[in-house]
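Step one of this worksheet: look at the structure below.
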Amino acid sequence: MQLEQTGKQRRLKWWQLALLSIVVTALGGLSGRRSKKSERALYNEELKQAPWAPPAWVFGPAWTVNNFFVLQALKKLVQETGSHRKKLLTLQVFIWIIFFSFNYIYFKRKSTGLAFLWTMVDTMLAASSFTIALRQNKQLAWRYLPLLGWTGYASSLAGYQALENSKN
């Protein structure tokens, strides 16, 4: 990747960050190690879905967008100073742990209860990140909004699934 030089700092260009987001999203998808066909079967046929659930194919693009903004936040955090930086970096570590382990929990383990817990924790991490960043740097804070919005929505889907599929 060609990097743009600004003084001593190297900055990723927007398109490089977009490519990195696609790669990160694809790597996250590998954590479940299931074929696309079996993922679709689990999502569309085996588990009861919320009436407001989107088609399964929406999740990949949604997470690519979320990852783009979370990576933008990380890029900005690397340049920040202050006590909020360490807190936000710690929260980012947990956001990425949740992201990279979710497909394993949902597709491999088929655990709707753990998927709900993972999604709720991700929502809380996004909300905490947004709140902490908002106090220090509004431009940084806005980068957490797509994740907060998506995980809030996804929590409602995961909650429905956990309740409806625990009856089996």
Open item on the list: VAL78 - would you say it is without any contact (Cβ under 8 Å) to a residue 24 or more places away in the chain and among the aliphatic types (A, V, I, L, M)?
Closed with: yes
TODO: Determine the pairs where a residue that is within 18 Å of GLY159 (Cα to Cα), located within region 117-133, has a partner that is of a type in the set (S, T, N, Q) and surrounded by fewer than 16 Cβ atoms within 10 Å (Cβ to Cβ) with Cβ atoms under 7 Å apart, the partner being 6 or more residues away or on another chain.
DONE: none
TODO: Identify, by number, the condition in (1) at pLDDT 85 or above; (2) of a type in the set (A, V, I, L, M); (3) not in a helix (DSSP H, G or I) that MET1 doesn't meet.
DONE: (1)
TODO: Sort out which residues of region 152-168 are in contact (Cβ under 8 Å) with a residue 60 or more places away in the chain and within 27 Å of SER21 (Cα to Cα), and write them in order of number.
DONE: SER156, LEU157
Open item on the list: Could you check region 108-142 and list, in sequence order, the residues that are within 18 Å of ASN165 (Cα to Cα) and buried (at least 20 other Cβ atoms within 10 Å of the Cβ)?
Closed with: THR112, ALA115, PHE116, TRP118, THR119
Task: Candidates GLN72, GLN49 - the one that is under 16 Å from ALA126 (Cβ atoms) and at pLDDT 90 or above - done: GLN72
Open item on the list: Please return the ranges of helices (runs of 4 or more DSSP H) entirely within region 90-168 where 1 or more residues are under 23 Å from PHE68 (Cα atoms) and under 14 Å from the mean Cα position of the chain (by Cα).
Closed with: 112-136, 145-165
Task: Close pairs from region 39-65: first closer than 21 Å to ARG109 by Cα and among the charged types (D, E, K, R), partner at pLDDT below 85 and assigned to a loop (DSSP other than H, G, I, E, B), Cβ under 8 Å, at least 6 apart - done: GLU39/GLY32; GLU46/LYS110
TODO: Please name all residue pairs, on different chains or six or more residues apart, with Cβ atoms under 8 Å, provided the first residue is in region 88-104 and is in contact (Cβ under 8 Å) with a residue 40 or more places away in the chain and the second residue is part of a helix (DSSP H, G or I) and surrounded by fewer than 15 Cβ atoms within 10 Å (Cβ to Cβ).
DONE: PHE100/LEU27; ASN103/LEU30
Task: Subset of region 71-97 [under 30 Å from LYS48 (Cα atoms) and crowded, with 19+ Cβ neighbours inside 10 Å] - done: ILE95
- [ ] Go through region 102-134 and give me each residue that's charged (D, E, K, R) and either in contact with a Cys (Cβ under 7 Å, 6 or more places away or on another chain) or modelled with pLDDT of 95 or more (or both).
- [x] ASP122
- [ ] Return a yes/no flag: does region 16-25 have any residue that is surrounded by 14 or more Cβ atoms within 10 Å (Cβ to Cβ), closer than 21 Å to ALA133 by Cα, under 19 Å from the mean Cα position of the chain (by Cα) and at pLDDT 85 or above.
- [x] no
TODO: Could you check ASN67 against (1) modelled with pLDDT under 95; (2) surrounded by 20 or more Cβ atoms within 10 Å (Cβ to Cβ); (3) over 22 Å from LEU19 (Cβ atoms) and say which number it fails?
DONE: (3)
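The values are calculated or read from the model by the stated rules, or taken from the named source; none is laboratory data. Worth saying up front: this structure is predicted, and the values here are computed from it rather than measured. Glycine also receives a Cβ, built like all others from the backbone with ideal geometry; neighbour counts cover every protein chain displayed.
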